[in-house]
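The block underneath contains the structure these notes are about, expressed in C-alpha cells.
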Amino acid sequence: MKIPSSELRIQICKCIIDFYHSEPPKKHIPGYQQASSSYKIKMAEVGGLAKTMVQSMILLENQLVEKLWVLKVLQHLSTSEANCTLMVKAQAASKICAHLNDTDPSGQLLFRSSEILWNLLEKSSKEEIIQQLSNLECLLALKKVFKNLFMRGFSHYDRQLRNDILVITTIIAQNPGAPMIECGFTRDLILFATFNEVKSQNPLVKGLKLSNSYEDFELKKLLFNIIVILCKDLPTVQLLIDGKVVLALFTYVKRPEKHKIIEWSVAQHEELQLHAIATLSSVAPLLIEEYMSCQGNARVLAFLEWCESEDPFFSHGNSFHGTGGRGNKFAQMRYSLRLLRAMVYLEDETVNTDLCEKGTIQQLIGIFKNMISKSNEKEEAIVLEIQSDILLILSGLCEHHIQRKEIFGTEGVDIILHVMKADPKKFQSGLGYSVLLFSTLDSIWCCILGCYPSEDYFLEKEGIFLLLDILALNQKKFCNLILGIMVEFCDNPKTAAHVNAWRGKKGQTAASLLIKLWRTEEKELGVKRDKNGKIVDTKKPLFTSFQEEQKIMPLPANCPSIAVMDVAENIRAKIYAVLGKLDFENLPGLSAEDFITLCIIHRYLDFKIGEIWNEIYEEIKLEKLRPVSSDKKILESITTASETIGKMVASLQSEMIESQTRQDMQNEQRVYTKIQGTHKQRELANKSWENFLARTSNAKILKKAKRLQEKAIESSKYNEQPQNAIYHRTVIRGLNTTVPSGRVVTVESTPVRLLGGPLADTDIALKKLPIRGGALQRVKTVKTVDETKKSIPS
C-alpha cells in the first residue's frame, strides 16, 4: 500500500474483498487446492490486516478512488469482532470520522464511513470508541454532515443517513467530556428539535418543514431523546432556556382539538405527545422558572382532568411510552403523573404551593378512586404504577404541612386503607404491588402522622391492625418502615389499646410478634446468644458479627462510629421504642422465651450507651491520649456499670430459665398423674367387665355373688326396729339376678312408634288409638253412641 501505484492499491483491495465474495475456480490446477473463504478471513484477522488498512488511509489523503476502495475493505473487515478490536487500536474511529466531509460526488464515502462507525460501536469497546470521537475535530465533522443532510437531504437514503448520524451523535453525547457545547452542536440540535413548535427566525430553519414520513418521525423522537441526554450537562441549561424547550414541549400537553389539521398522523402525534411529556420530566426540574412561566402546573392538571374524563379517545399504544395504554388514556396519565412527581420532589415551595392552591390533592384522590373501579387484569401493572405515583406526589405535597394533611383528610385515609387490605399474596406477584405498598407506607408517614383527626380515623378504621398484619408477613423490606410508623403512631395515646388488642395467627399478640422479629434480626446479625436466648458476652451484649470483625478506629467527631451506625442499620432500636411506649411491664401473650428476650430489649438503651462509651475509651487508647484521673475514673465506672447491668440481666435470665424448667417439670408430672388415673380407671372397668362375664357364664359364681349381695344388704339394715312399725321388704324373692331390682321399671327411651315421631300432635285429649294400631295420630272427632242418640229427633 506504500507503493504509489493506484492500480496496485485497488487490486490489493479487490483481493481482500474477494475473501468475502469468493467464487469457485473456473478450472482446477493440478497439485493445488483452493483455500476456503473462512480460512482466508481467519488469516486476515490473525495477520492484523485491518490495522494495516487503517494505517494506509494516511497515504490516501487526496486519492478519492483508492480511499473509497480502502473504506470498502474496512467495511467488510469490520464485520468481525477481532478486526474491530485491531481497528480501534489503530484509532480508526477518529480517523474515519474526521474525513466525513471530504469531497465525494458519489456519496459512498459518507455511507461507508457511517457503516464502519456503526460496526465499531457494536462489535468493540463502546467506551473506547466514544472516547476517540469525543474531540472537537470529529464533532465538527459530524455537525457539518448532520446540518447538510437535515437542510438539503430530501431522498429516503439521505434521511436514513441523517438519522444514523444523529444516533452516533447521541451516543457520543453520553460522555460528559465531549465538547458538544463548544462546537455549537448542542445549540443547533435544540433549534432543530423545537423549530416546528416555537417559531424561529434562524436562517437554518427558515422555510424548513418536516413531513409525516417514517424517517422524519424517527428524527423528531431522536431529537427529543438527545435533549434528555444533553440536559444532564448543567451548562446546557442556558441553551435550553434560550431555545424555549419547555414551551415547545408543552405544546403537546393538551387535549386533542377537534377538526385541527396536524402534520402528524393520529398514532404519530400520540407517540410524540408521550415522548414530549417524558422529556419534560427530565428537563422541567432544571428550568423551574420557565416551567412556572408557562403555567406548567395548570397545563398538567388540565391534561390530567382530560385523562380522567369520559371523552372518546382511541389510544393506539404502539410505542415504548404507550405500553399498556391501548384503547385508553392510561399512558398519558402515567407520564403526566411522572412529570408532577419530578416537580414535587424538588421540594420547591413555589411549585408545591401553586399545586395545592389549584386543588391537586383533591384531584389526585379522585383519580385514585376512579382507578380502583376501572382497573382490570390486562392493565393491572400500569394502574399500580399510576396509583404509586399518586401516593408519592401526595406524600411530597403533605409532608411538614398540617393544613395539607387536613385537606388529605378521611378520603385520603380511605384510599390508603384500600391498598393495605389487598391480598398479601399479591405483594409477591411482581406486578408492582410492592412498590405500591412502599408508596402507601410513605404516605402514612407524610400525610397522616402529625394530623390528629386523620390519626384517629386511621385507628378507628383498624389501620394499626392492617399494619401489624403486614408486619406479620415477615418481609424484611417492609419491616423497618412499618416499625418507624408505629414508633410515631404510639405517641397517640389511643394507639396502645389497638396494638395490644391485635391478634395474629394462633392468637399471637403484637408484643410477641415484635420480640420474635428481634430474635430473627439478631440471628441474621450474628449476635452471640446461647440456645435459650441468654446473653453470652456480658461486656458486649449487643455486638453483631460485623462489629466483631471491624476494628475500632479513631474517627472525627462529626463521623458516626460503628456502634452509632448500628442503631440506624437494623430494626432493634425501633422495636425497643415501640415496646417501651407500650409499657414493658404490661405486655400480653408472652411465652417464657419471649420474657427472656424481653430482658435484653428492656436494657437496650443502657447496653448501647455502654457500647458507645467503650468505643470512646478504646479510641482514646489508640490515639495514645491519657485522660485526667477524674475522667479516667468516670470512664472506668461507666464501663463497669454497663458490664454489671449485663451480668444482672444474664442472672435474671438464668432465674427465668430455671423457673420455666421447674414449671415444665410440674406440668409434665401433672400430665403423668392424669395418664396414670386414666389407666387405673381402665383397669377397674376391665375388672368389672370380667366379673360380669363370670357371673353370666358360671352359675356357681352367680350364686356366690347373690349370697354376697344379700349379706351386704342385710348388714346395711338397721337392726333395732321401733315399736308399732310396719316393715316392708325391699327385695323381691325368687329373682335370679345380682342387679338391684325394685317394683318400678325405668324405661330409658320410648320407641318412636309409640310417640308418633317429633311431628306428632301432643294433644292427647283429641286423640284415639286407630283400629289398625301404630303410633298415636290425630283423628277427626268421633261422636259417641249417646251423642248420636241425642242428635236424632223423636
Solvent-accessible area of residue 12, probe 1.4 Å, all protein chains present, reported in Å² to the nearest ten, please. 50
For the Cα atoms of the chain, what angle does the longest principal axis make with the long axis of helix 629-697, in degrees from 0 to 90, nearest 10? 50
For region 180-266, which GluC sites (Glu not before Pro) pass both filters: DSSP loop (anything but H, G, I, E, B) and at most 16 other C-beta atoms within 10 Å? 182, 197, 257, 263
Roughly how tilted is helix 214-230, in degrees to the nearest 10 and between 0 and 90, from the longest Cα axis of the chain? 80
Quick one: ranking 728, 156 by accessible area, 1.4 Å probe, largest first, what do you get? 728, 156
Residue-wise, which Karplus ³J(HN,Hα) couplings in Hz belong to region 391-408, taking 6.51 cos²θ - 1.76 cosθ + 1.60, θ = phi - 60°, and x for glycine or proline? 5, 5, 5, 4, 4, x, 6, 8, 4, 6, 10, 5, 4, 5, 5, 5, 5, 4
Below 11 angstrom from the Cβ of residue 464, what's the summed charge of the other residues (Lys, Arg +1; Asp, Glu -1)? -2
Tell me which GluC sites (Glu not before Pro) from region 617-713 have a DSSP coil assignment and no more than 12 other beta carbons within 10 Å of their own. 623
What trypsin sites (Lys or Arg not before Pro) in region 178-284 are in a loop by DSSP, with at most 10 other Cβ atoms within 10 Å of the Cβ? 199, 206, 209, 258, 260
Based on Cβ point charges of +1 for Lys and Arg and -1 for Asp and Glu, what charge dipole magnitude is obtained for the chain about its Cα centre, in debye rounded to the nearest 20? 5160
Do you know the relative contact order of the chain, to the nearest whole percent, from alpha carbon pairs under 8 angstrom that are 6+ apart? 5
Which entry in [x] 48.5; [y] 39.7; [z] 89.1 matches mean projected area of the Cα convex hull in nm² derived from the coordinates of this structure? [z]
To the nearest Å, what is the center-to-center distance of region 80-113 and region 534-571, using C-alpha atoms only? 59
Can you pull the percent of the chain's accessible area that's carbon plus sulfur, 1.4 Å probe, other chains left in place? 55
What relative contact order, as a whole-number percentage, does region 1-131 give when Cα pairs under 8 Å and 6 or more residues apart are counted? 24
Where only protein heavy atoms count, and the probe is 1.4 Å, what is the accessible area per residue for the chain in Å²? 57
Within the chain, what's the longest run with no chymotrypsin sites (Phe, Trp or Tyr not before Pro) in a DSSP loop and at most 11 other beta-carbon atoms within 10 Å? Give the range, please. 321-717
May I ask you to derive the relative contact order of region 480-557, considering only C-alpha pairs under 8 Å and at least 6 residues apart, and to give it as an integer percent? 15
Could you work out how far helix 360-374 tilts from the main Cα principal axis of the chain, as a 0 to 90 degree angle to the nearest 10? 70
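The values are calculated or read from the model by the stated rules, or taken from the named source; none is laboratory data. Computed from a prediction, not measured in an experiment: that's the story for all the values here. Heads up, the Cβs are rebuilt from the backbone with ideal geometry, glycines too, and the neighbour counts pull from every protein chain shown. We work out accessible area using only protein heavy atoms, side chains counted, and drop any ligands, DNA or RNA first. Shrake-Rupley method; radii C 1.70, N 1.55, O 1.52, S 1.80 Å.
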